[in-house]
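A.B. asks: Quick one: the structure is below, questions incoming.
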Amino acid sequence: MTASLSRKIIHVDMDAFYASVEQRDNPELRGMPLAVGGSAARGVVAAASYEARKFGVHSAMPSVTAKRKCPDLIFVPPRFEVYKAVSQQIREIFAEYTPLIEPLSLDEAYLDVTENLKGMEVATEIALEIRAKIKDVTGLNASAGISYNKFLAKMASDLNKPNGQAVITPKNGPGFVESLPVKKFHGVGPATAERMRRCGIETGLDLKSKSLEFLSAHFGKSGPYFYGIARGVDERQVRPDRVRKSVGAEDTFAEDLDDLESATAELRPLADKVWRYCEAQGISGKTVTVKIKYSDFTQATRSRTGVFPAASGADIVESASTLLASVFPFKRSVRLLGVTLSSLTRDQGDTGTEPPQLDLDF
């Protein structure tokens, strides 16, 4: 057995995290269809309770669509500071078992427990203990996937949700992948799934039938990754220092904006939010991207890369304003704007490491 096949990886994923925290803290919301974020008329759903999911409500869905699907849907504003505090409690539980923790977001993480701090040999027992401790400390349910690599652990964590866990072993990993539609693969979004369909790839078995050369030609740098996971192979390590590729903030407005002056004014608090995070982390970036979502929910992005990293929030505002002006007059009213800084680097005095992956919520 190779080293990669003998690894023990756990993917822990909190169940409907934001919504579950709200239901925990407000007994009147328990058992009710709940959406965190947005409102009955504006914005998008950040998270939905399982009661709401039964009606087809899900995260990133426009609020008006969610309300149409579930007329009794209750909207509550997000409390990100609370979610972050609970997330820290969960991370502290993880740290009792392994230092090899790779957070993906506030509510999910990979853990490498091959050599763990408890000296436990069975990863499924570790996952059971972790989930029980999370429930005891936070009152929340977590699901887990256990496998020999990150891709399969992530896929396994969805198999017995909510409040369950599943194992995919080296013996059944390749067969599991073959039978799965590629649109359900973690890392394959709708656009990639459609490109695969046009190439005659709809299942893991279809993907496995394609050569490395074919996949590289059609999917570029992702080709080798797709070639590997089609065979149940994923050599990626659990990385506690997982890099953040960008820092961004966005806002949905109470009323749509039509004029450039008003829209430009909304860029400053977004840029300031981004820059405060960058200053705290000692990082900056060369590429500024502006996201514009219109009243019909279509969207556009514009990017600009400078020779040097941004030196202040004002630099980000200046670039963002220029980018926004490039799409004026707007084809429709603007309901949302976002500002993202990427091509990240550390300030002088860099230690040679990249900034950690953290969430920045607006």
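The values are calculated or read from the model by the stated rules, or taken from the named source; none is laboratory data. Given the structure is predicted, the values throughout are model-derived calculations rather than measurements. Reconstructed Cβ throughout: ideal geometry from the backbone, glycine too, with neighbour counts over all protein chains shown.
A.B. asks: Among the residues of region 123-162, what is the count of those that are under 19 Å from the mean Cα position of the chain (by Cα) and among the aromatic types (Phe, Trp, Tyr)?
C.D. replies: Residues in region 123-162 being under 19 Å from the mean Cα position of the chain (by Cα) and among the aromatic types (Phe, Trp, Tyr): 1 in total.
A.B. asks: Is it the case that region 7-19 has a residue that's among the small types (Gly, Ala, Ser), over 17 Å from the mean Cα position of the chain (by Cα) and in a loop (DSSP other than H, G, I, E, B)?
C.D. replies: no
A.B. asks: Checking the structure you have, find out if any residue of region 216-230 is surrounded by 13 or more Cβ atoms within 10 Å (Cβ to Cβ) and outside any helix (DSSP H, G or I).
C.D. replies: yes
A.B. asks: Now for a different question. Collect the residues in region 220-257 that are under 21 Å from LEU152 (Cα atoms) and of a type in the set (Phe, Trp, Tyr), keeping them in residue-number order.
C.D. replies: Of everything in region 220-257, those that are under 21 Å from LEU152 (Cα atoms) and of a type in the set (Phe, Trp, Tyr) turn out to be TYR225, PHE226, TYR227.
A.B. asks: What helices (runs of 4 or more DSSP H), lying completely within region 44-126, carry at least 1 residues that are under 18 Å from ALA153 (Cβ atoms)? If you could, list the steps in order and put the result at the bottom.
C.D. replies: Working: elements: 50-53, 63-69, 80-95.
Helices (runs of 4 or more DSSP H) meeting the threshold: 80-95.
Rundown of residues vs (1) small (Gly, Ala, Ser); (2) out of contact with any Asp or Glu (no Cβ under 7 Å at 6 or more places or on another chain); (3) within 26 Å of VAL45 (Cα to Cα), yes/no style:
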residue: PRO78; (1), (2), (3): no, yes, yes
residue: SER105; (1), (2), (3): yes, no, yes
residue: THR114; (1), (2), (3): no, yes, no
residue: LYS118; (1), (2), (3): no, yes, no
residue: GLU125; (1), (2), (3): no, yes, no
residue: GLU129; (1), (2), (3): no, yes, no
residue: SER157; (1), (2), (3): yes, no, yes
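A.B. asks: Is there any pair linking a residue in region 287-301 that is farther than 12 Å from SER333 by Cβ and free of Cβ contacts under 8 Å to residues at least 40 places away in the same chain to one that is part of a strand (DSSP E or B) and β-branched (Val, Ile, Thr), with Cβ under 9 Å and at least six apart or on different chains, and which?
C.D. replies: Cβ pairs passing all conditions: GLN299/ILE292; ALA300/VAL290; ALA300/ILE292; THR301/THR289; THR301/VAL290; THR301/ILE292; THR301/THR340.
A.B. asks: If you don't mind, another one. So how many residues does region 308-336 have that are over 25 Å from ALA280 (Cβ atoms) and either modelled with pLDDT under 90 or part of a loop (DSSP other than H, G, I, E, B) (or both)?
C.D. replies: Of the residues in that region, 8 qualify.
A.B. asks: Only one of (1) modelled with pLDDT under 95; (2) farther than 27 Å from SER20 by Cβ fails for PHE185. Which number is that?
C.D. replies: Status for PHE185: all satisfied but (2).
A.B. asks: Only residues that are part of a helix (DSSP H, G or I) and either touching a Lys or Arg at 6+ places or on another chain (Cβ under 8 Å) or touching a residue at least 24 places away in the same chain (Cβ under 8 Å) (or both): list them for region 185-194, please.
C.D. replies: PRO190, THR192, ALA193
A.B. asks: Mind checking whether some residue in region 21-43 is closer than 17 Å to PRO78 by Cα, among the hydrophobic types (A, V, I, L, M, F, W, C), part of a strand (DSSP E or B) and in contact with a Phe, Trp or Tyr (Cβ under 7 Å, 6 or more places away or on another chain)?
C.D. replies: Within region 21-43, one or more residues are closer than 17 Å to PRO78 by Cα, among the hydrophobic types (A, V, I, L, M, F, W, C), part of a strand (DSSP E or B) and in contact with a Phe, Trp or Tyr (Cβ under 7 Å, 6 or more places away or on another chain).
Here is a yes/no grid of residues against (1) within 28 Å of LEU34 (Cα to Cα); (2) of a type in the set (A, V, I, L, M, F, W, C); (3) in contact with a helix residue (DSSP H, G or I) (Cβ under 7 Å, 6 or more places away or on another chain); (4) buried (at least 18 other Cβ atoms within 10 Å of the Cβ):
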position: ALA46; (1), (2), (3), (4): yes, yes, yes, yes
position: SER63; (1), (2), (3), (4): yes, no, no, yes
position: PRO99; (1), (2), (3), (4): no, no, no, no
position: GLU102; (1), (2), (3), (4): no, no, no, yes
position: ASP107; (1), (2), (3), (4): yes, no, yes, yes
position: LEU117; (1), (2), (3), (4): no, yes, no, no
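A.B. asks: Somewhere in region 195-204, is a residue acidic (Asp, Glu), more than 19 Å from the chain's Cα centre (by Cα) and in a helix (DSSP H, G or I)? Talk me through it step by step, then tell me what you get.
C.D. replies: At the first step, the residues of region 195-204 found to be acidic (Asp, Glu) are 202.
From what is left, the residues that are more than 19 Å from the chain's Cα centre (by Cα) are 202.
So of that shortlist, the ones also in a helix (DSSP H, G or I) come out as none.
No, there is no match, as no residue in region 195-204 is acidic (Asp, Glu), more than 19 Å from the chain's Cα centre (by Cα) and in a helix (DSSP H, G or I).
A.B. asks: If you don't mind, another one. Can you name the condition, by its number, that GLU235 falls short on among (1) crowded, with 16+ Cβ neighbours inside 10 Å; (2) modelled with pLDDT of 90 or more?
C.D. replies: (1)
A.B. asks: Further, regarding this structure: Can you list residue pairs whose Cβ atoms sit under 8 Å apart, with the first residue in region 211-238 being under 20 Å from GLU102 (Cβ atoms) and free of Cβ contacts under 8 Å to residues at least 60 places away in the same chain and the second being surrounded by fewer than 19 Cβ atoms within 10 Å (Cβ to Cβ) and β-branched (Val, Ile, Thr)? Count only pairs 6 or more apart in sequence or on different chains.
C.D. replies: Pairs found: SER222/THR192.
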